[in-house]
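See structure below.
The values are calculated or read from the model by the stated rules, or taken from the named source; none is laboratory data. A quick note: this is a predicted structure, and the numbers were derived from the prediction, not measured. We place every Cβ from the backbone using ideal geometry, glycine too, and count neighbours over all the protein chains shown. Protein only, heavy atoms only, side chains kept; ligands, DNA and RNA dropped before computing areas. Shrake-Rupley method; radii C 1.70, N 1.55, O 1.52, S 1.80 Å.
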Amino acid sequence: ALYNSKTTARGSVTVYSADHEARIRSERAIESALQCADIAAEFEVHFQPFVALSKQTIIGFEALARWNSPELGRIPPDVFIQVAERTGQIQRLTIQLFCKAIRQIETLPDTLRMSFNLSAHDITSHETVSRILDIISERKFDPKRITFEITETSVIGSYEAAEACLKRLQDAGCRLALDDFGTGYSSLGYLHRLPIDCVKIDRSFISCLDDPMTGGVVASILNLCRSMQITCVAEGVEEAAQVDALQQLQCRFAQGYHFCPPKPFADIKQSIDETGTI
Ligand code: C2E
Ligand code: CA
Ligand code: CA
Ligand code: CA
């Protein structure tokens, strides 16, 4: 790696990496591109199915945001979501993405569900929650078909506000999922403190299921969730061997490249209309 050193006024030497500088430069570029982005034109929602392992039938789709910036090209969602949070743009982004996603999913058979990711700011903003609930009722979409995915890290720091907002979504009939389960500090703690209906077992566990220790952890997550009547979805399933292992552990739902990658809505719609599957 490239390193530069700089002597400060006090004579001490700070070492910083060129990588770090480049990252900051590109964050500034992302910030300004996002500030003047035409969300309706530049953003898209892709959908990835999640399936019931027993018959490998599609239960629903997770909505995943995509940004193709005219200036910067494709920016990954975990990058632009963070920037949007930091620069106060997350609310308009979330609302427009949710609206787009609903308008697409509503054209599919009404047995299919939709999962939508909410960020830290979203789940502490009563205004965002109100807008989301308005969209659901304006579109006459059945709230019971929607799951909002949140992470433990987005709850930390403003637990009380998050609890109140999440309760409003749940009272309206929507379900709540704890995403990236097992990667945080106290995933278990949040399971009984928050009104969680579903956990998504993080990909890092699924990719080493053949390790006995990891297999054991996943087995206990599944047992715990069963006893709390919480649904489990295994994330990031890439191989047939992982499907077998999950079935042995009596995991019922899964998502991952093995079944289908996230795709533009047109692709999803076409295969459902033509074949009833993906
Ligand atoms: P996530 O919610 O954990 O979403 C799952 C990520 O794993 C997605 O990445 C998906 O494309 C990827 N994935 C799915 N199956 C596989 C697999 O088999 N193997 C591997 N290696 N990866 C798989 P993506 O689309 O890049 O999204 C990254 C993160 O950005 C998401 O993680 C989520 O936290 C965030 N995100 C995406 N869209 C939105 C959004 O609309 N709102 C908010 N707040 N966050 C979003
Ligand atoms: Ca998610
Ligand atoms: Ca996840
Ligand atoms: Ca994530």
Dimensions (Å) - the range 91-217, Cα atoms, principal axes, largest first: 49, 35, 24
Virtual spin-label span in nm between Asp267 and Asp244, 7 Å along Cα→Cβ: 2.8 nm
Largest to smallest accessible area among Lys140, Lys269, Lys167 [probe 1.4 Å]: Lys140, Lys167, Lys269
Heavy-atom accessible area per residue - the chain, 1.4 Å, Å²: 52 Å²
Cα-centre dipole for the chain with unit charges at Cβ (Lys and Arg positive, Asp and Glu negative), debye to 20: 360 debye
The range 128-278 shape via C-alpha gyration tensor axes, a/c threshold 1.5: oblate
Helix axis angle, 77-86 relative to the chain longest principal axis, alpha carbon, degrees: 60 degrees
For Arg113, distant residues with modelled amide H under 5 Å away: Gly60, Phe61
Among Val199, Thr128, Gly215 the positive-end extreme of the charge dipole of the range 119-248 (Cβ point charges): Thr128
Within the range 54-88: backbone nitrogen closer than 12 Å to the Arg103 label point (7 Å, Cα to C-beta): none
Ile278/Lys140 FRET efficiency (R0 25 Å; Cβ-Cβ; nearest 0.05): 0.45
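Within the chain, what whole-number % of the accessible surface is contributed by carbon and sulfur, with the 1.4 Å probe and all protein chains included in the calculation?
Answer for the chain: carbon and sulfur cover 51 percent of the accessible area.
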The range 156-198: C-alpha gyration tensor shape, a/c 1.5 cut-off, then a/b vs b/c: oblate
Tail fraction, Cα-Cα pairs, the chain, threshold 22 Å, whole percent: 62 percent
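R0 = 30 Å: FRET efficiency of Ser26 with Thr153, Cβ-based, nearest 0.05? List each step's numbers first, then the result.
Values: r = 23 Å, r/R0 = 0.76.
Once the sixth-power term is evaluated, E becomes 0.85.
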Karplus-derived HN-Hα couplings along the range 26-35 (A = 6.51, B = -1.76, C = 1.60, θ = phi - 60°), whole Hz, x at Gly and Pro: 6, 5, 4, 5, 5, 4, 6, 5, 5, 4
Inter-label distance, nm, simple model (7 Å from Cα along the C-beta direction), Thr111/Ala52: 0.8 nm
Calculated FRET value between Arg226 and Arg193, using beta carbons and R₀ = 25 Å, to 0.05: 0.85
In sequence order, calculated HN-Hα J values of the range 214-219 (Karplus, 6.51, -1.76, 1.60; Hz; x Gly/Pro): 5, x, x, 5, 5, 4
Thr231 long-range amide H proximity, modeled H, under 5 Å: Cys198, Val199
Karplus-derived 3J(HN,Hα), 6.51/-1.76/1.60, for each residue of the range 53-62, Hz, glycine and proline x: 5, 4, 10, 6, 8, 7, 9, x, 9, 8
0 to 90° range, to nearest 10: angle between helix 126-138 axis and the chain longest Cα axis: 40 degrees
